[in-house]
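Structure, as structure tokens:
The values are calculated or read from the model by the stated rules, or taken from the named source; none is laboratory data. Since this is a predicted model, take the numbers as computed values, not measurements. With ideal geometry, Cβ positions are generated from the backbone for all residues, glycine too; neighbour counts draw on all protein chains shown.
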Amino acid sequence: MAIAAASTSHWQTALSTFVVAIFTYLVTPPTVSPTYGLESTTPLRSDEFLATITGATGVPFIEGNRITFLNNGDEFYPAMLKAISQARSSITIEAYIYWAGEIGQQFADAIAERALAGVDVKILLDAVGSSTIGDEILKILQESGCQVRWYNKMFWRTIGRFNNRTHRKSLIIDGSLAFTGGAGIADHWLGNAEDPKHWRDVQIRLEGPGAVPLQTGFVQNWLATTGEIVTGRRYFPKAESVGPIAVQTIMSSPAGGSSAVRTMYYVSIVSAQRKLYIANAYFIPDESAVDILVSARKRGVDVKLMLSGIHNDMKLARYGGIHLYGRLLEAGVEIYEYNRTMLHQKTMVVDGIWSTVGTTNFDNRSFALHEESNVCTYDTRLAERLEQIFFEDLAACVQVNLEGWKRRGMLTKIRGAAALFLKDQL
């Protein structure tokens with residue numbers, strides 16, 4: 001239309017249609033939500049489920065790992081800093097958020113000390129999410145010999161990929177010890193979620209061969225950013241078994257044409273038989289996701305969703321999620337809003353045996369636009385621990401009921417409808 005208008009000298013029409021065309025091109029997600037194959041046919045507590053989840057995601061299970069769940073900054077930051085201080089060959093970081101502040105300074109000092117001691121350090125920061133890291137931290141890192149690069153800087157030549165951000169939060173030590181989860185490096189993750197200034201989050205500490213896919217994800221994005229192939233024992237040591245846990249470490253990217261993490265979530269939900277507990281910061285399910293959650297409840301699954309409540313750093317996403325509560329509540333899905341502070345973890349535990357912790361929000365932005373990572377396990381002990389964490393957090397929640405949802409104010413309804421108009425970008 002723009003070309004046709006320009007050829008007839010209708011320049012205003014040409015310009016406006018050209019702008020609309022560019023906008024449509026930029027916001028159209030590169031992946032689509034599954035529509036078919038979402039029937040409940042494979043019980044989660046069966047060998048068929050493990051074969052299905054492996055085949056559907058294309059990600060194998062890796063034996064020989066140790067895993068620990070870490071609650072809030074009081075637990076995960078000391079563990080991460082200790083691991084950095086013990087690094088002997090390499091440190092790699094892929095971070096959506098690394099901001100200036102107290103904890104950012106602590107990480108910079110710890111990393112710089114290791115770099116000066118001869119450890120190879122490569123840090124890949126998202127050009128949007130980490131733009132407030134500050135000159136002081138960058139100077140410390142760079143002067144100590146760390147390589148710091150920016151993922152997907154915004155240039156005209158990258159206009160088609162502006163929306164592709166690395167939302168991963170990975171710290172990998174010596175190629176065999178990794179941390180990932182919802183938390184970046186910023187002061188609002190300090191503390192123990194005691195008030196609105198200190199966010200609630202969960203990280204996972206993964207030691208063993210299961211850390212390799214996180215390193216691989218880093219290396220692939222490092223190559224795309226810098227043109228450098230990362231190889232050698234410093235980054236990929238010989239894999240050795242250190243524990244009894246098999247993990248599925250999923251690296252999801254829109255470059256693949258489909259979201260492996262979305263596939264994992266949806267297959268897990270349709271396979272649930274007894275209980276399904278999801279905690280997620282930004283919950284804007286598409287129609288297929290709503291359908292399978294409703295179907296799970298109808299076949300008798302205890303479905304509980306724990307979502308960010310009044311303390312939410314993305315109000316538009318919150319209103320969009322609220323707008324979609326109706327069908328879920330009508331089906332008997334229990335929805336809880338966490339109101340002590342910002343709930344930011346991304347966890348799911350199913351049927352007391354399947355659990356996942358990662359960086360992925362339950363929205364289109366994570367499923368279709370971002371680089372993400374999730375660590376999954378099929379282990380009753382770990383699932384029980386994640387369930388315990390879930391129910392402990394319920395004490396800080398308010399349950400949403402259908403009648404209360406129906407009585408929400410007109411302004412909330414308008415904001416929700418507006419948010420859903422942009423749901424592909426939320």
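Below, the figures for the structure above:
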read-out	value
Enumeration of residues in segment 253-282 that are polar (S, T, N, Q) and either in a loop (DSSP other than H, G, I, E, B) or over 13 Å from the mean Cα position of the chain (by Cα) (or both)	S253, S258, S259, T263, S268, S271, Q273
Boolean, D195 is surrounded by fewer than 23 Cβ atoms within 10 Å (Cβ to Cβ), over 19 Å from the mean Cα position of the chain (by Cα) and under 17 Å from L214 (Cβ atoms)	no
Candidates V270, V230, filtered to the one that is aliphatic (A, V, I, L, M) and under 19 Å from V59 (Cβ atoms)	V270
Condition met for S253 (hydroxyl-bearing (S, T, Y) and either in contact with a Pro (Cβ under 8 Å, 6 or more places away or on another chain) or farther than 23 Å from L125 by Cβ (or both))	no
Test: V303 is crowded, with 18+ Cβ neighbours inside 10 Å, of a type in the set (A, V, I, L, M) and in contact with a helix residue (DSSP H, G or I) (Cβ under 6 Å, 6 or more places away or on another chain)	yes
Given (1) out of contact with any Asp or Glu (no Cβ under 7 Å at 6 or more places or on another chain); (2) not assigned by TED's automatic domain parsing to the domain that holds N152, index of the condition K275 fails	(1)
Helices (runs of 4 or more DSSP H) enclosed by segment 1-63 - at least 2 residues per element that are at pLDDT 80 or above and under 22 Å from the mean Cα position of the chain (by Cα)	47-57
Of the criteria (1) assigned to a loop (DSSP other than H, G, I, E, B); (2) more than 21 Å from the chain's Cα centre (by Cα); (3) within 22 Å of A56 (Cβ to Cβ), which one P285 fails	(2)
Any hit, segment 367-384, residues being within 19 Å of V202 (Cβ to Cβ) and modelled with pLDDT under 95	yes
Checklist (1) assigned to a helix (DSSP H, G or I); (2) touching a Leu at 6+ places or on another chain (Cβ under 9 Å); (3) surrounded by fewer than 23 Cβ atoms within 10 Å (Cβ to Cβ); (4) of a type outside the set (S, T, N, Q) applied to A296, failing item	(3)
Residue in segment 308-320 that is within 17 Å of D393 (Cβ to Cβ), surrounded by 23 or more Cβ atoms within 10 Å (Cβ to Cβ) and outside the structural domain of R200 (by TED's automatic domain parsing) present	yes
Single match in A272, A281 (criterion: in contact with a His (Cβ under 6 Å, 6 or more places away or on another chain) and crowded, with 17+ Cβ neighbours inside 10 Å)	A281
Residue under evaluation N163, criteria (1) outside any loop (DSSP other than H, G, I, E, B); (2) within 25 Å of N312 (Cβ to Cβ); (3) at pLDDT below 95, criterion not met	(1)
Residues of segment 42-57 satisfying the condition of being polar (S, T, N, Q) and free of Cβ contacts under 8 Å to residues at least 60 places away in the same chain	S46
Answer residue from segment 70-100, given it is in a strand (DSSP E or B) and of a type in the set (S, T, Y) and is farthest from S252 (Cα to Cα) among those	S90
Residues of segment 175-220 satisfying the condition of being farther than 27 Å from R88 by Cα and in a loop (DSSP other than H, G, I, E, B)	G191, N192, A193, E194, D195, P196, K197, H198, W199, D201
Residue satisfying condition, being basic (K, R), surrounded by fewer than 20 Cβ atoms within 10 Å (Cβ to Cβ), closer than 19 Å to Y282 by Cα and within 22 Å of the chain's Cα centre (by Cα), within set R385, R340	R340
Test result for T249, crowded, with 23+ Cβ neighbours inside 10 Å, under 15 Å from the mean Cα position of the chain (by Cα) and of a type in the set (S, T, Y)	yes
Residue within segment 58-79 that is touching a strand residue (DSSP E or B) at 6+ places or on another chain (Cβ under 7 Å), closer than 29 Å to A224 by Cβ and among the acidic types (D, E) present	no
